[in-house]
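The next block holds one structure in the form of structure tokens; read it before the comments.
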Amino acid sequence: MLTDIPAPSRFWNGEILPLVQWNRFSSTDAGEVEEHMSRMFCPHRLDVQGGRPPIDFRHNQAQLRALTFNAQDYGNPFGRISIDVPQMGQIYLVQFSLHGTSFITHDSNSFSLAPGQMCVLAPDAHFSQTFEAGYKHFTIKIPKADLERVLAQELGFRPDELIFSTRPVPLVGAAQAFAHLVRTICDDIDHGLTGYTHPRASGSVEDTLKRLLLAAVPHNHSDLFDSAPSGPAPYYVRRVEDYIRNHAREPISLIEMIEISGISARSLHAGFRRFRGVTPMGYLKNVRLDLARKMLLEGVEEGHSVTDVALACGFSHLSKFARDYAERFGERPSATLRQLKG
């Protein structure tokens, strides 16, 4: 079941498939199932294993606004079903197990997903899944651009690409709240209630789900997202941030930042301290360090050296660069290269 919160509905305990009033497709033909699911999600391959057991596939689906809720049961009494998905494209796929276990390979990471857990499958990842006999699951399609928009709103600036942890998350805390809200929305839809689907409410409900997902599943911006909000950053902070990100490799002085911001040095310093927790020059240094780490991680294939990377990212003092890098990432830049070569 999705959560440990007691509820009268049996839709979420593996006995009955959720969204029972919203059946989208049913079939006993594996070829038809593969064609349907490729059309609903993205082109992928489906394989029935274990002596070609019969299947009795059901797909129930409902939509809020941009988010799509999907309940699926392949209806295989024995044997296993496997799918291979090259890439989802422009959507994140949040998945829960309702009954049984799914064995997932997500790029180079492998894990199992069981009831009481959730995971996020990335838009640009190649993944495959093998479902146990009798496996049922529930998935939520979330457009990539929508989730990135909400993240940018919360942070006050548009960050680098959003990357979720590939490990399953137990349904506790924010993950339980996310799952419980999904369950409540779908049960209301199934019973013909229109509160969550009201045109004045559905957008806010979806954004709440996205914020809960960002709080529930660790990602590369979790530290900033989980910090206490101080309100949206003012225009002058965002203006300087944009300039830094676009010109980080070039020489940038504090005087330039002040001119770009259009305010005083004192106000700019105070704005960065309040909304970003660092000085403007500290923010510049962090952006350059992040850029340097990215280049070092590509260093083996590209032939970069530590000196090449430091100079390319705007660091003229190599010893200070090495100290700052070690302080931020817990290892010296040369160690990053050695690990990759090893």
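The values are calculated or read from the model by the stated rules, or taken from the named source; none is laboratory data. Here the structure is a predicted model, which is why all the values come from computation and not from measurement. We place every Cβ from the backbone using ideal geometry, glycine too, and count neighbours over all the protein chains shown. Surface accessibility is based on the protein's heavy atoms, side chains included, excluding ligands, DNA and RNA. Shrake-Rupley method; radii C 1.70, N 1.55, O 1.52, S 1.80 Å.
Quick notes on this structure:
- In the range 30-56, residue nearest to the chain's Cα centre (by Cα) [restricted to those that are open to solvent by 30 Å² or more (accessible area, probe 1.4 Å), over 16 Å from residue 141 (Cα atoms) and modelled with pLDDT of 90 or more]: 45
- Boolean, residue 62 is open to solvent by 30 Å² or more (accessible area, probe 1.4 Å) and either modelled with pLDDT of 95 or more or within 13 Å of the chain's Cα centre (by Cα) (or both): no
- Search result, residues across the range 240-274 that are buried (at least 17 other Cβ atoms within 10 Å of the Cβ) and charged (D, E, K, R): 241, 245
- Test: residue 253 is out of contact with any Cys (no Cβ under 7 Å at 6 or more places or on another chain), modelled with pLDDT of 85 or more and over 30 Å from residue 154 (Cα atoms): no
- Restricting attention to the range 302-322, the residues that are of a type outside the set (A, V, I, L, M) and open to solvent by less than 20 Å² (accessible area, probe 1.4 Å) total 2.
- Residues being more than 19 Å from residue 98 (Cβ to Cβ) and either open to solvent by less than 50 Å² (accessible area, probe 1.4 Å) or not polar (S, T, N, Q) (or both) - total across the range 16-29: 2
- Members of the range 133-156 that are more than 16 Å from the chain's Cα centre (by Cα) and either in a helix (DSSP H, G or I) or surrounded by 18 or more Cβ atoms within 10 Å (Cβ to Cβ) (or both): 135, 136, 137, 138, 156
- Where a residue in the range 142-170 is closer than 20 Å to residue 121 by Cα and its partner, wherever it lies, is at pLDDT 85 or above and small (Gly, Ala, Ser), with Cβ under 6 Å and at least six apart: 143/66; 146/66; 169/175
- Given (1) open to solvent by 10 Å² or more (accessible area, probe 1.4 Å); (2) of a type in the set (A, V, I, L, M, F, W, C); (3) at pLDDT 95 or above, index of the condition residue 69 fails: (1)
- Scanning the range 199-224 for residues that are closer than 22 Å to residue 269 by Cα and surrounded by 13 or more Cβ atoms within 10 Å (Cβ to Cβ) gives a single hit, 224.
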